[in-house]
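Novice: Submitted below is the structure of interest, expressed as structure tokens.
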Amino acid sequence: MLSSEEISVILLTLKVAVTSTLFTLPLAIWLGWILARKNFLGKFLVEGLVNIPLVAPPVVTGYLLLILLGKNGIVGSWLYETLGIKLAFNFAALIIASVVVSLPLAVRSTKSAFELVDPNYEKASSSLGASKIGTFFRVYLPLAFPGILSGAVLAFARSLGEFGATISFAGNIFGKTQTIALNVYSNMQIPGKEIQVTRLVIISLIISLLAIIASEYLNKKKKYFIR
Amino acid sequence: MIIKFESVKHTLGNNHFYYNFQTNSSITGVFGPSGAGKTTLFNLLSGVDTPLKGKIKLDSEILVDISQNHVIQGKNRDIGYVFQENHLFPHLSVKKNLLYSKPYIKNKTQYISFDDVVSLLDIAPLLKKKPRQLSGGERQRVAIGRTLLSQPRLLLLDEPFSNVDCSKRKQIISYLLRINNHFQIPMVIISHHLEDILKLTRKIVIIENGQSTAADDIFNIIKNGEKPELIRSKKYQNTFEVAFNSCSKTENTYSVLFDKNTEIKISNHSKLLNENIDIGTRIQLSLRPIDIALSLEEHEGTSIQNQLKGIVKQIIQNYEGVFCIVDCGFELFVEISQGIINNLYLHEGQKIYCQIKANDFDVVHVFDRIEKDEKQYNLTDKHRKDIAVALKY
């Protein structure tokens, strides 16, 4: 039913979504934790930086990434010259673009999950002899778990649909960086490809819908869990 | 255990606290109105907070001495803290809540076992439940058990009765006495209900407006004329420990002994006493001052089963009413009226009979016989084995 071209596009998209979620998640847990529970100098700056991709046009985010990490970019040129690492227009670029764009959504979810945990449990935990790290892993993390999971689902869904930052920073190279969204965009330009477009659109819709349903379910569970 | 606060000063926002007292009791009650600074005292003792000035000592160990820059961290103080809202971890079952401190007690002497806690606090049927499925009293018991299993040398309980309905309060009091007796663990209990505290102990620390204003046996506090408001009849309780002597099934009364000479009759309306109770079993009783009547002579043909001979030790008159302390071999606090003083020509040193109905004694707790034996003879496992062997032959 699906052509091998479509299958490879779908697989690449899922691979990017899964990998970027795996990178986004620990970052989102850490950022959500410090933003919810810690007070430090420049907290608002960190919060602002994390959230920029949420409000800036994704193309702008991609462009900024290119300036920063591209072969001739501020950090990218150094990476390329000293370590020989290329971060733009390849699989790494897909992941980076995806992580940056989905991070604010994931952080919002993890942050609110940590905020919902009654800090008195920390008091109880430390009175029973637990260290701060012990309390984090045995109390905060499990209590915030549904929120963290719903953040992961959101990040996954966001990454599936990522287009603007990806096309600017990773390009639209078939077989290398072309995901469902980019493939649909490319095929829309070509007459006679409507059926292929429709098929991918339907598949994309199904995956997104499932992700949102999962996220909503986990959100409801979060309230029940913490009560 | 001696707990000593030496000129301890602390400030929270606009509230200033000053604690200067010493207490040495197996159970100490901390009494005072809401917002007086009772919880702050616990926070300083347990190490949740550090005072601005002063010295805190536990027996000979200095926990805090600000002048020497010496502060022992809370987790190294081995003080168990049962919070007012008990803070049971909602994601863990009762069993996992109880075992929460297990990874952290490796270096401590374990003298309180999981099985003992579960059986003493009757937690067994709750083990698989989540905290949200428990009633207020059950939560409180689990929270106490969880803290006990962290092997503390001192147990702090902040308002253990506040989330428990009236009928269950008595149950918690009984559990606390059981724990205190079985594990020989000293306790400090915060409550703004004096009657609850007095069912547990007579040693109290009074906290008012952020300051410790008295710390002594409540009898001494009252005798010295301090804190007249404490003896308001509804709040004050005479509490004492007695030994079971005999029981009359026909009259449904139990006879208990204060000492060899003083026998009193109590009834079993609390249903805590059973028919198989052993002679010598210790029982904690409480009695309200208002339930005691005074008479110059012993009466015959009366429904009142206790007529205790005593001597008026002191008469206290204040704006709360008229009270007298009668020595019947043990001291009883009696509430009377001004008219009675005049009618009976009541004066200090006078011989008098205290008339008390069997029903008016409240049985607070019946101590387990085994607990007492172990405590008295200090049995070790080896002793037990020796006894078992001796009994066999």
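The values are calculated or read from the model by the stated rules, or taken from the named source; none is laboratory data. Being a predicted model, the structure only gives us computed values, none of them experimental. All Cβ positions, glycine included, derive from the backbone under ideal geometry; neighbour counts span all protein chains shown. Just the protein is used for accessible areas: all its heavy atoms, side chains included, with ligands, DNA and RNA removed. Shrake-Rupley method; radii C 1.70, N 1.55, O 1.52, S 1.80 Å.
Novice: Helix B:381-392 versus the longest principal axis of chain B: what is the Cα-based angle in degrees, 0 to 90, to the nearest 10?
Specialist: In chain B, helix B:381-392 runs at an angle near 60 degrees to the longest axis.
Novice: Send over a whole-number figure in Å² for the accessible area per residue of the protein assembly as shown, probe 1.4 Å.
Specialist: With the other protein chains kept in place, the protein assembly as shown gives 48 Å² per residue.
Novice: Let me ask something additional. How high is the relative contact order of chain B, given as a whole-number percent (alpha carbon pairs under 8 Å, six or more residues apart)?
Specialist: 15
Novice: In the stretch B:114-167, if the dipole is taken from +1 on Lys/Arg beta carbons and -1 on Asp/Glu beta carbons about the Cα centre, which of B:Val118, B:Leu156, B:Leu134 is farthest to the positive end?
Specialist: Farthest towards the positive pole: B:Leu134.
Novice: Continuing with this model, one more query. Roughly how many percent of the accessible protein surface of the stretch B:22-111 is carbon and sulfur, given a 1.4 Å probe and a whole-percent answer?
Specialist: Answer for the stretch B:22-111: carbon and sulfur cover 44 percent of the accessible area.
Novice: Right, another one. Would you be so kind as to identify which of A:Val184, B:Ser46, B:Asn245 lies farthest towards the positive end of the dipole of the protein assembly as shown, taking Lys and Arg as +1 and Asp and Glu as -1 on Cβ and the Cα centre as origin?
Specialist: Working it through, the farthest residue towards the positive pole turns out to be A:Val184.
Novice: From Cα pairs below 8 angstrom and at least 6 apart in sequence, can you work out the relative contact order of chain A, rounded to a whole percent?
Specialist: Value for chain A: 29 percent.
Novice: Hey, another quick one. Helix B:166-183 versus the longest principal axis of chain B: what is the Cα-based angle in degrees, 0 to 90, to the nearest 10?
Specialist: Relative to chain B, helix B:166-183 is tipped by roughly 70 degrees.
Novice: I'd like the accessible area for B:Thr201: 1.4 Å probe, protein heavy atoms, all chains in place, Å² to the nearest 10.
Specialist: Ignoring ligands and nucleic acids, B:Thr201 comes out at about 20 Å².
Novice: Treating only the Cβ atoms of Lys and Arg (+1) and Asp and Glu (-1) as charged, compute the dipole magnitude of chain A about its Cα centre; round to the nearest 20 debye.
Specialist: Computed charge dipole of chain A: roughly 660 debye.
Novice: Report, ordered by chain and residue number, the lysines lying within cross-link reach of B:Lys235, taken as a straight Cα distance under 16 Å and ignoring same-chain residues fewer than 8 apart.
Specialist: B:Lys170, B:Lys199, B:Lys203, B:Lys227
Novice: Would you list B:Asp278, B:Asp116 from the most to the least accessible area, probe 1.4 Å?
Specialist: Sorted descending by solvent-accessible area, the residues read B:Asp278, B:Asp116.
Novice: Okay, moving on. Just by accessible area at a 1.4 angstrom probe, what is the order of B:Glu335, B:Glu300, A:Glu115 from largest to smallest?
Specialist: B:Glu300, A:Glu115, B:Glu335
Novice: Then there's this: Using alpha-carbon positions, what is the distance between the centroids of the stretch B:29-88 and the stretch A:22-40, in Å?
Specialist: Value for the Cα centre distance between the two parts: 33 Å.
Novice: Considering Cα pairs under 8 angstrom that are at least six residues apart, work out the relative contact order of the stretch B:253-372 and quote it in whole percent.
Specialist: Reported as a whole number, the value is 37 percent.
Novice: Sort out for me the Cα centre separation of the stretch A:64-106 from the stretch B:141-217, rounded to whole Å.
Specialist: A separation of 61 Å, based on Cα centres.
Novice: Another question, then. Can you find, among A:Leu200, A:Phe44, A:Asn90, the residue farthest towards the positive end of the dipole of the stretch A:4-226? Put +1 on the C-beta of Lys and Arg, -1 on that of Asp and Glu.
Specialist: After comparing all options, I get A:Phe44.
Novice: How big is the charge dipole of the stretch B:275-344 about its Cα centre, in debye rounded to the nearest 20, if each Lys and Arg gets +1 on its Cβ and each Asp and Glu gets -1 on its Cβ?
Specialist: Approximately 200 debye in magnitude.
Novice: Follow-up question, since we're still on this one. Hey, what angle do you get for helix A:4-37 against the long axis of chain A, alpha-carbon based, 0 to 90 degrees rounded to 10?
Specialist: 30
Novice: Please compute how much accessible surface disappears when A pairs with B, both sides summed, using a 1.4 Å probe, and round it to the nearest 100 Å².
Specialist: 1800
Novice: Here's a follow-up. If I ignore ligands, DNA and RNA and count only protein heavy atoms, how much of B:Asp115 is accessible to a 1.4 Å probe, in Å² to the nearest 10?
Specialist: We get 110 Å² for B:Asp115.
Novice: For the full complex of protein chains and a 1.4 angstrom probe, list A:Tyr185, A:Tyr63 by accessible area with the highest value first.
Specialist: Sorted by accessible area, descending: A:Tyr63, A:Tyr185.
Novice: Along the Cα→Cβ direction, 7 angstrom out, place labels at B:Ser246 and B:Ala293. What is the inter-label distance in nm?
Specialist: About 2.7 nm, to one decimal.
Novice: Continuing with the same structure: Before rounding to the nearest 500, sum -39500 (n - 2.57) across all DSSP H runs of length at least 4 in chain B and divide by the residue total; then give [θ] at 222 nm in deg cm²/dmol.
Specialist: Computed ellipticity for chain B at 222 nm equals -6500 deg cm²/dmol.
Novice: Moving to a separate point now. Mind putting a number on the dipole of the protein assembly as shown about its Cα centre? Charges go on the C-beta only, +1 for Lys and Arg and -1 for Asp and Glu, and I need it in Debye to the nearest 20.
Specialist: In total the dipole reaches around 2120 debye.
Novice: A further question follows. Hey, can you list the residues from the stretch A:95-128 whose accessible area shrinks by 10 Å² or more with all protein chains present, relative to the chain by itself (probe 1.4 Å, no ligands or nucleic acids)?
Specialist: Checking the loss per residue gives A:Asn120, A:Tyr121, A:Lys123, A:Ala124, A:Ser125, A:Ser126, A:Ser127, A:Leu128.
Novice: List the residues of the stretch B:53-96 that lose 30 Å² or more of accessible area once all protein chains are present, compared with their chain alone (1.4 Å probe, heavy atoms only, no ligands or nucleic acids).
Specialist: B:Lys75, B:Phe83, B:His87, B:Phe89, B:Pro90, B:His91
Novice: Which value in deg cm²/dmol, rounded to the nearest 500, describes the helix-derived mean residue ellipticity at 222 nm for chain A, given -39,500 (n - 2.57) per DSSP H run of n ≥ 4 and division by the residue count?
Specialist: -24000 deg cm²/dmol
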